[in-house]
Amino acid sequence: MKKIDDQISRPTKAGATKSQQRSLLIKNGHVIDPVNNIDEKMDILVQDGEIAKLSKDIKGGDSEIIDAKDKYVCPGFIDMHVHLREPGREDKETIESGTKAAARGGFTCVLCMPNTQPPIDNEGIVEYVYKQAREKGSVKVYCAACITKGRAGKELTEMEMLARAGAIALTDDGGSVADTQIMRRAMEYSSMCNLRIIAHSEDPSLSTGGQMNEGYTSTVLGLKGIPAAAEELMVYRDISLSKLTGVPIHITHISTKGTVELIRNAKKSGIKVTCDTTPHYIALTEESLKTYDTNFKVNPPLRSKEDVVSIIEGLKDGTIDAIATDHAPHTDYEKDSEFNDAPCGMIGLETAVGICLNELVQKGVINISTLVSKFTKGPREILRISNGAILEGRDADITILDLDKEWIVDKKKFQSKARNTPFDTWKLKGAATMTIVAGKVVHSEF
Amino acid sequence: MNTTWTKKNLLGLEELSAEEINLLLDTADSFKEISTRAIKKVPALRGKTIVNLFFEPSTRTRTSFELAAKRLSADTVNISVTTSSVVKGESLVDTARNLESLKADIIIMRHGISGAPYFLARMIEASVINAGDGSHEHPTQGLLDLYTIKERKGKIKGLKVAIVGDILHSRVARSNIWGLTKLGADVTVVGPPTLIPVEAKRMGVKVCHRLEDVIADIDVMNILRIQRERQQGGLFPSIREYSELYCVTPEKLEKAKKDIMIMHPGPINRGVEISSAVADGPYSVILDQVTNGLAVRMAVLFLIAGTKPGEN
């Protein structure tokens, strides 16, 4: 299992500096680390911000003790799809506020999306993001850059320069690279630079002007629909390109039954495709839109009950490798408008873990170790990063879960600048009660 | 009448019960008589302020609401998009709050975006009446269509009604479908597959693509206006072909029942979805619809003004 980690040569772009404080001892917790196949009671000793020891019954000495009895101690959770909005829309979110939200939600590491203003399509902006993350970040930040210049879908970005500046993935998220030839070239060229391509798969000619999933609810509401086929056509294209080029592809925020089936079949035939979904495609359906509440407007749109069942099935059988939030902050004034005028997107960093524990683990749909894997091993292997495992000598990035904690989502308490959550006032059971980044406690609700 | 009116807003017919719809129709009956008097005015809403907030051009609906309010002695203000600050970039939220500060009691809104009246109703204390929102609903049109059918046919239940044309984009179609099916009519929507919304049957209607397949069977035909610009979106090949298939002409009506009712919400495209001979002919009730619209809107204003702020 250590092999994967040995392959990783990338520097950790840490937001938090390693803690030089006295050592921490996390005692009596149930450790789950899917990378190392650990699923039992163990203690963890943290020294100088690193994992010093992982074993049963560690004696603490003068360490600060964290009693994790009846709690699950996991590798730091990774959110591989986050919009931090910096640079350009600091009124919606900043790297500072977004990483605080991540810490509060149980994430020790995020991958930020490049559809900023200006977009992250040159090394100067990549460097700026890492500078802000180092100076103001509460958790670790990795930067994804654009596939095409200005996200315009016409010319490739300087991928080698972006990789040297520290970008670890490429995506034109927010839309697809519509031109199939450009996408093919992007996949081929990026493989040389060791950058993972993340595809937002959407056929724009089928989705343009669409406001919600196409189906009975869109018919009743008189809102223009986005058919499932708009996603599935592009997923099929992206899978075909992966087969053609041999280059792996990651498809993000999948939402339909057809997509789950396409990816399941592609994996069976050996194509190197991975995917993630989000808590809102697990917990919500298109019927939430019945009051025209723009907090439920998102792209891809909330789908049908049948799609939700398939998404959950895909999580269970391993078709879906990871859960990410697609945290998309917007200002109140933008969301407080007529439905067609409101921007797409919902925030998720501070609710994702609670929603997944409540909707998947508490309801007995998937077990806790499978869920932990979707936030750790899954994104770690897709992005080929060192995070997401508990390894001696590595940074102590830890997320502690309390499955018995009952709480009510209150958007007024969010660390995020934004309030556009669909989950306000939801009563949840299960939360990330502590987040530790490089040995430093960045969130605690013990 | 056992039902009493409790709804603060009228946003659509989908959310009304059959009893509430009947209450509105019965109330309209008593108001219709007023329009036949020499003095066409009653003091029912004296002192109330009613705002017509129109974000889309409209002549008949706005005029009908305005006259309805005036005949009930309310004070009325008309705000259309060309004279409001919306063109200067003011948000609907701010427009609404300004109107609220002027202590409007009822805001009648027409808007091009589906759901906009729901948004407005959440923002303000005043009652909101939907005068047509995007492709969603046009409840007072639905009510006046029901009223006109009932007036002519003596009932709604059991009647066979065809709604013909662009069902996909039509708020009139949706309000008609809800109202008619709730009152027991047998509704068929007729149009090319590209203009029928997905899963339309789940609304409780039959779907048919050819007029000749239903023409002999129906008691009422409600013909929708076709927007010429839809042709550019690939929804149908040409106005010529559309008219060939769907324009209601005396020839097409040869097989129809002798007492068929022809309705159209207006404004009509003569020769496109309805021929002049049919629009002006003996089966047409198009102008009765306009007359009845006034009575129905008086009923809506009267019942809504009778509720207290904060209800529902």
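The values are calculated or read from the model by the stated rules, or taken from the named source; none is laboratory data. All values derive from a computational prediction rather than experimental measurement. Every residue, glycine among them, receives a Cβ derived from its backbone with ideal geometry; neighbour counts consider all protein chains shown.
Output the number of residues of the stretch A:55-85 satisfying the condition of being part of a strand (DSSP E or B) and either surrounded by 12 or more Cβ atoms within 10 Å (Cβ to Cβ) or basic (Lys, Arg) (or both).
Count: 14.
Please list, ordered by first then second residue, the pairs with beta carbon atoms under 8 Å, 6 or more apart or interchain, first in the stretch B:186-201 and more than 14 Å from every other protein chain (Cβ to nearest Cβ), second among the polar types (S, T, N, Q) and part of a helix (DSSP H, G or I).
From the stretch B:186-201, the pairs are B:Val187/B:Asn176; B:Val187/B:Thr181.
Does A:Gly354 meet the test of being closer than 16 Å to A:Gln415 by Cβ, not aromatic (Phe, Trp, Tyr), not in a loop (DSSP other than H, G, I, E, B) and not assigned by TED's automatic domain parsing to the domain that holds A:Ile408?
yes
For A:Ser337, are the conditions met, namely being of a type in the set (S, T, N, Q), within 14 Å of another protein chain (Cβ to nearest Cβ), over 22 Å from the mean Cα position of the chain (by Cα) and closer than 30 Å to A:Thr94 by Cα?
Judged against the criteria, A:Ser337 is a match.
Spot the failing condition for A:Tyr333; the list is (1) over 21 Å from A:Val31 (Cβ atoms); (2) touching a helix residue (DSSP H, G or I) at 6+ places or on another chain (Cβ under 9 Å); (3) part of a loop (DSSP other than H, G, I, E, B), and only one is missed.
Among (1) over 21 Å from A:Val31 (Cβ atoms); (2) touching a helix residue (DSSP H, G or I) at 6+ places or on another chain (Cβ under 9 Å); (3) part of a loop (DSSP other than H, G, I, E, B), the lone unmet condition for A:Tyr333 is (3).
With within 28 Å of the chain's Cα centre (by Cα) and part of a loop (DSSP other than H, G, I, E, B) as the only criterion, which of A:Val46, A:Val31, A:Val35 stands out?
Just a single option satisfies the conditions, and that option is A:Val35.
Would you tally the residues in the stretch B:211-255 being over 19 Å from B:Ser275 (Cα atoms), charged (D, E, K, R) and loosely packed, with under 11 Cβ neighbours inside 10 Å?
Residues flagged as over 19 Å from B:Ser275 (Cα atoms), charged (D, E, K, R) and loosely packed, with under 11 Cβ neighbours inside 10 Å within the stretch B:211-255 amount to 1.
Just checking, which of A:Ile400, A:Ile390, A:Ile385 is in contact with a Lys or Arg (Cβ under 6 Å, 6 or more places away or on another chain) and modelled with pLDDT of 95 or more?
Sole residue among the options that is in contact with a Lys or Arg (Cβ under 6 Å, 6 or more places away or on another chain) and modelled with pLDDT of 95 or more: A:Ile400.
Would you check which residues across the stretch B:129-151 are away from every other protein chain (no Cβ under 14 Å) and closer than 23 Å to B:Asp94 by Cα and list them?
Across the stretch B:129-151, the qualifying residues are B:Ile129, B:Ala131.
Among (1) buried (at least 24 other Cβ atoms within 10 Å of the Cβ); (2) in contact with a helix residue (DSSP H, G or I) (Cβ under 7 Å, 6 or more places away or on another chain), which single condition is A:Thr108 missing?
(2)
Give the number of residues within the stretch A:217-253 that are away from chain B (no Cβ under 14 Å) and either closer than 21 Å to A:Leu383 by Cβ or crowded, with 24+ Cβ neighbours inside 10 Å (or both).
Here the count works out to 16.
Go through the stretch B:278-306 and give me each residue that's touching a strand residue (DSSP E or B) at 6+ places or on another chain (Cβ under 9 Å) and either among the β-branched types (Val, Ile, Thr) or more than 27 Å from B:Asp219 (Cα to Cα) (or both).
B:Val278, B:Val285, B:Ile286, B:Val300, B:Leu301, B:Leu303, B:Ile304, B:Ala305, listed by residue number.
Do you know which residues across the stretch B:164-185 are more than 10 Å from chain A (Cβ to nearest Cβ), under 20 Å from A:Ser218 (Cβ atoms) and aliphatic (A, V, I, L, M)?
Residue satisfying the conditions is B:Val172 alone.
Taking the stretch B:247-276 as the region of interest, how many residues are within 23 Å of the chain's Cα centre (by Cα) and on the phi < 0 side of the Ramachandran plot?
Final tally of qualifying residues: 17.
For the subset of the stretch B:93-128 comprising residues that are surrounded by fewer than 23 Cβ atoms within 10 Å (Cβ to Cβ) and β-branched (Val, Ile, Thr), which member is nearest to the other protein chains (Cβ to nearest Cβ)?
B:Val93
Kindly establish whether A:Thr116 is in contact with a helix residue (DSSP H, G or I) (Cβ under 8 Å, 6 or more places away or on another chain) and within 16 Å of A:Val139 (Cβ to Cβ).
no
Sort through B:Leu253, B:Leu211, B:Leu195 and tell me the only one that's touching a Phe, Trp or Tyr at 6+ places or on another chain (Cβ under 8 Å) and closer than 22 Å to A:Leu221 by Cα.
Only one candidate passes the filter, namely B:Leu195.
Is it the case, given these coordinates, that A:Thr425 is polar (S, T, N, Q), on the phi > 0 side of the Ramachandran plot and in contact (Cβ under 8 Å) with a residue 12 or more places away in the chain?
So A:Thr425 fits the description; yes.
Name the residues in the stretch B:180-210 that are crowded, with 23+ Cβ neighbours inside 10 Å and either at pLDDT below 95 or out of contact with any strand residue (DSSP E or B) (no Cβ under 6 Å at 6 or more places or on another chain) (or both), would you?
B:Gly191, B:Leu195, B:Pro197
Name, by its number, the condition in (1) assigned by TED's automatic domain parsing to the domain that holds A:Leu111; (2) touching a residue at least 24 places away in the same chain (Cβ under 8 Å) that does not hold for A:Tyr333.
(2)
Just the residues that are more than 14 Å from every other protein chain (Cβ to nearest Cβ), farther than 20 Å from A:Asp326 by Cβ and touching a Gly at 6+ places or on another chain (Cβ under 7 Å), please, taken from the stretch A:181-216.
A:Ile182
Any residue at all in the stretch B:120-132 that's within 20 Å of B:Ile21 (Cα to Cα) and free of Cβ contacts under 8 Å to residues at least 60 places away in the same chain?
Checked the stretch B:120-132: no residue is within 20 Å of B:Ile21 (Cα to Cα) and free of Cβ contacts under 8 Å to residues at least 60 places away in the same chain.
Kindly indicate whether A:Val235 is assigned to a loop (DSSP other than H, G, I, E, B) and of a type in the set (A, V, I, L, M).
Against the criterion (assigned to a loop (DSSP other than H, G, I, E, B) and of a type in the set (A, V, I, L, M)), A:Val235 does not qualify.
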